[in-house]
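Structure provided below as structure tokens; questions to follow.
The values are calculated or read from the model by the stated rules, or taken from the named source; none is laboratory data. Just so we're clear, the structure is a prediction, and the values are computed from it rather than from any experiment. Positions of Cβ are generated from backbone atoms using ideal geometry, with glycine treated the same way; all protein chains shown enter the neighbour counts. Surface areas here come from the heavy atoms of the whole protein model, side chains and all, with no ligands, DNA or RNA. Shrake-Rupley method; radii C 1.70, N 1.55, O 1.52, S 1.80 Å.
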Amino acid sequence: DWSSDVCSSDLTVNPDTVCYQTPGSTYSVTSDPGVTYNWTIVSPGTITSGQGTNAIVVNWSSASPGLIPNAVTVTVTNQFGCDTSTTINVYILQIIPTFTAQASCVDAGCIPLTGTPAGGVFTGPGVSGQYQFCPSVAGVGSHTLTYTYTQNGCTFTTTGTGPFVVNPLPSISPISHN
């Protein structure tokens, strides 16, 4: 007496990292003629294309950051009714980079820039060498800098907690003697 469990096997692979608010992640298994593919996705992920084939596209854009256990499963069934499944956990990666803007005078020296997490890149007016803000280069006024951090192929960007303000020097006339 054969039961379907005799032909069945399961495998779980852990985890796949997906960037926060990603609308299209592709998952696939090797194509095998004569088999059927049935994909299941844990909510809030949704299959946008490929159900019934060896590859699907999943929209994770509404998923919260963190681990989604058993997020993607494909069951492959052959012409004899034997099936096997493989499952992957998904980790939705979100990093919120931060840095704090500063005010300075136009004649101040370059100010070191520090972002969290470390290792990102600063861009914007007055940024020198990716890690310094030079007020004399930026000029008088309000300047918005951007800090970009990349991890596991995911890029996260912030514009800081406010503009960098470069203040003018006061006007002064020469000392006169009467």
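Out of the residues in the range 132-178 meeting the condition of being among the aliphatic types (A, V, I, L, M) and either within 23 Å of ILE111 (Cα to Cα) or touching a Lys or Arg at 6+ places or on another chain (Cβ under 6 Å) (or both), tell me which one is surrounded by the fewest Cβ atoms within 10 Å (Cβ to Cβ).
LEU169
For the range 1-30, which positions are part of a loop (DSSP other than H, G, I, E, B), modelled with pLDDT of 85 or more and open to solvent by 80 Å² or more (accessible area, probe 1.4 Å)?
From the range 1-30, those part of a loop (DSSP other than H, G, I, E, B) are 1-3, 8, 20-24, 29-30; that's our starting set.
The next check asks that each one be modelled with pLDDT of 85 or more; those that pass are 20-24, 29-30.
GLN21, PRO23, THR30 - these are the residues of the range 1-30 that are part of a loop (DSSP other than H, G, I, E, B), modelled with pLDDT of 85 or more and open to solvent by 80 Å² or more (accessible area, probe 1.4 Å).
If you check THR100 against the conditions, is it part of a loop (DSSP other than H, G, I, E, B), β-branched (Val, Ile, Thr) and at pLDDT below 95?
yes
Please tell me if VAL90 is farther than 29 Å from PRO44 by Cβ and either surrounded by 14 or more Cβ atoms within 10 Å (Cβ to Cβ) or touching an Asp or Glu at 6+ places or on another chain (Cβ under 8 Å) (or both). Explain how you work it out, then say what you get.
On the way: farther than 29 Å from PRO44 by Cβ: no; either surrounded by 14 or more Cβ atoms within 10 Å (Cβ to Cβ) or touching an Asp or Glu at 6+ places or on another chain (Cβ under 8 Å) (or both): yes.
Spelling it out, it is not the case that VAL90 is farther than 29 Å from PRO44 by Cβ and either surrounded by 14 or more Cβ atoms within 10 Å (Cβ to Cβ) or touching an Asp or Glu at 6+ places or on another chain (Cβ under 8 Å) (or both).
Could I ask something else about it? Going by the conditions given, is PHE122 part of a strand (DSSP E or B) and at pLDDT below 95?
So PHE122 passes the test.
Quick check on ALA55: is it touching a residue at least 24 places away in the same chain (Cβ under 8 Å) and closer than 26 Å to PRO23 by Cβ?
Taking the combined requirement at face value, the residue satisfies it.
Given (1) of a type outside the set (Lys, Arg); (2) within 21 Å of the chain's Cα centre (by Cα); (3) closer than 20 Å to PRO163 by Cβ, where does ILE68 come up short, assuming only one miss?
The one condition ILE68 does not meet is (3).
Related question: Could you run through the range 51-85 and say how many residues are open to solvent by 50 Å² or more (accessible area, probe 1.4 Å) and assigned to a strand (DSSP E or B)?
4
Would you call PRO69 farther than 30 Å from THR30 by Cβ, at pLDDT 90 or above and not acidic (Asp, Glu)?
Taking the combined requirement at face value, the residue does not satisfy it.
Answer yes if at least one residue in the range 103-119 is outside any loop (DSSP other than H, G, I, E, B), in contact (Cβ under 8 Å) with a residue 60 or more places away in the chain and open to solvent by less than 50 Å² (accessible area, probe 1.4 Å), and no otherwise.
Yes, that holds for at least one residue.
Condition first: open to solvent by 40 Å² or more (accessible area, probe 1.4 Å), within 21 Å of the chain's Cα centre (by Cα) and in contact (Cβ under 8 Å) with a residue 24 or more places away in the chain. Now tell me which residues in the range 31-50 satisfy that. Working first, answer last.
Taking the range 31-50 as the starting set, the residues that turn out to be open to solvent by 40 Å² or more (accessible area, probe 1.4 Å) are 31-34, 36, 38, 40, 42-44, 46-49.
From the residues that got through so far, the ones that are within 21 Å of the chain's Cα centre (by Cα) too are 42-44, 46-48.
Matches in the range 31-50: VAL42, THR48.
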